[in-house]
């Protein structure tokens with residue numbers, strides 16, 4: 001590494017993956033199912049998975065295999081940042097297993113004591129590599145991430161496919177610029193840091 005290569009200064013807060021699978025029937029203005037899964041490789045609360053599952057009339061809860069991680073994810077990723085998930089939700093213990101082909105059709109299996117949720121992503125686009133050098137933005141969003149937007153997605157509850165399909169979300173215009181992008185996306189190699197305070201001199 002040459003002396004000119006940049007080295008990020010600051011404290012590592014979180015590293016992991018964020019898997020999003022939001023489905024909506026054609027012509028509807030509300031989601032039929034939402035899965036927002038944080039797979040944590042590094043955090044002050046350790047490793048593990050925290051999944052926000054919103055299936056109206058079926059389940060609205062947080063599923064996890066590390067209860068200590070739930071509060072950390074809520075405080076770091078959700079409160080004041082994600083209005084649809086920023087509310088009181090029951091917490092359930094669950095077992096998580098990744099499957100499928102990461103390059104073509106990855107999936108997650110979430111096993112609850114009496115139910116099974118399965119989610120899949122397919123027709124993945126080319127990765128969008130994002131680095132946010134602005135320190136203010138780094139405090140609110142991962143400093144680095146790889147985004148794979150999926151044109152197809154599915155969520156199954158106890159073996160039954162839920163209605164709906166991916167749709168375009170305007171949230172990506174503000175985050176990335178350009179056009180709206182799919183509501184089904186996997187974010188790999190996410191890294192969130194706390195940049196050092198700017199010098200007053």
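Return a yes/no flag: does segment 114-122 have any residue that is within 24 Å of residue 13 (Cα to Cα) and either surrounded by 16 or more Cβ atoms within 10 Å (Cβ to Cβ) or without any contact (Cβ under 8 Å) to a residue 60 or more places away in the chain (or both). Walk me through it before giving the result.
Within segment 114-122, the subset within 24 Å of residue 13 (Cα to Cα) is none.
Among the residues of segment 114-122, not one is within 24 Å of residue 13 (Cα to Cα) and either surrounded by 16 or more Cβ atoms within 10 Å (Cβ to Cβ) or without any contact (Cβ under 8 Å) to a residue 60 or more places away in the chain (or both), which makes the answer no.
What are the residues in segment 35-80 that are crowded, with 16+ Cβ neighbours inside 10 Å, more than 21 Å from residue 192 (Cα to Cα) and either out of contact with any strand residue (DSSP E or B) (no Cβ under 9 Å at 6 or more places or on another chain) or modelled with pLDDT under 95 (or both), if any?
Matches in segment 35-80: none.
Would you confirm whether or not segment 141-155 contains a residue that is buried (at least 18 other Cβ atoms within 10 Å of the Cβ), in contact with a strand residue (DSSP E or B) (Cβ under 6 Å, 6 or more places away or on another chain) and not in a strand (DSSP E or B)?
There is at least one residue in segment 141-155 that is buried (at least 18 other Cβ atoms within 10 Å of the Cβ), in contact with a strand residue (DSSP E or B) (Cβ under 6 Å, 6 or more places away or on another chain) and not in a strand (DSSP E or B).
Residues being part of a loop (DSSP other than H, G, I, E, B), surrounded by fewer than 16 Cβ atoms within 10 Å (Cβ to Cβ) and modelled with pLDDT of 90 or more: count how many of those fall in segment 157-200.
Here is the first cut: in segment 157-200, the residues part of a loop (DSSP other than H, G, I, E, B) are 158-159, 162-164, 166-167, 170, 177-180, 183, 195-200.
Imposing the further condition that a residue be surrounded by fewer than 16 Cβ atoms within 10 Å (Cβ to Cβ) reduces the set to 158-159, 163, 170, 177-180, 196-200.
In the following step, the residues that additionally are modelled with pLDDT of 90 or more were identified as 158-159, 163.
Result for segment 157-200: 3.
Restricting the search to segment 81-98, which residues are surrounded by fewer than 16 Cβ atoms within 10 Å (Cβ to Cβ) and outside any loop (DSSP other than H, G, I, E, B)?
Of segment 81-98, the ones surrounded by fewer than 16 Cβ atoms within 10 Å (Cβ to Cβ) are 81-84, 86-88, 90-91, 93, 95, 97-98.
The answer is 90, 91, 93, 95, 97, 98.
Under 7 Å by Cβ, and 6 or more places apart or on different chains, what pairs join a residue from segment 64-88 that is under 22 Å from residue 12 (Cβ atoms) with one that is in a helix (DSSP H, G or I)?
Once the first residue is under 22 Å from residue 12 (Cβ atoms) and sits in segment 64-88, its partners that are in a helix (DSSP H, G or I) give 64/70.
Condition first: touching a residue at least 40 places away in the same chain (Cβ under 8 Å) and within 17 Å of residue 18 (Cβ to Cβ). Now tell me which residues in segment 151-174 satisfy that.
153, 155, 166, 169, listed by residue number.
What are the residues in segment 99-108 that are over 11 Å from residue 51 (Cβ atoms), surrounded by 14 or more Cβ atoms within 10 Å (Cβ to Cβ) and in contact with a strand residue (DSSP E or B) (Cβ under 6 Å, 6 or more places away or on another chain), if any?
Start the filter on segment 99-108 by keeping residues that are over 11 Å from residue 51 (Cβ atoms), which leaves 99-107.
Now restrict to residues that are surrounded by 14 or more Cβ atoms within 10 Å (Cβ to Cβ): 100, 102, 105-107.
Residues satisfying the conditions are 100, 105, 106, 107.
More than 18 Å from residue 161 (Cα to Cα), in a loop (DSSP other than H, G, I, E, B) and over 16 Å from the mean Cα position of the chain (by Cα) - does that describe any residue in segment 53-63? Break it down stepwise before answering.
Applying the first criterion (more than 18 Å from residue 161 (Cα to Cα)) to segment 53-63 yields 61-63.
Checking which are in a loop (DSSP other than H, G, I, E, B) leaves us with none.
Taking every residue of segment 53-63 in turn, none turns out to be more than 18 Å from residue 161 (Cα to Cα), in a loop (DSSP other than H, G, I, E, B) and over 16 Å from the mean Cα position of the chain (by Cα).
The values are calculated or read from the model by the stated rules, or taken from the named source; none is laboratory data. In this text the structure is predicted, and so the values were computed from the model without any measurement. In this analysis, Cβ positions are derived from the backbone assuming ideal geometry, glycine residues included, and neighbour counts consider all displayed protein chains.
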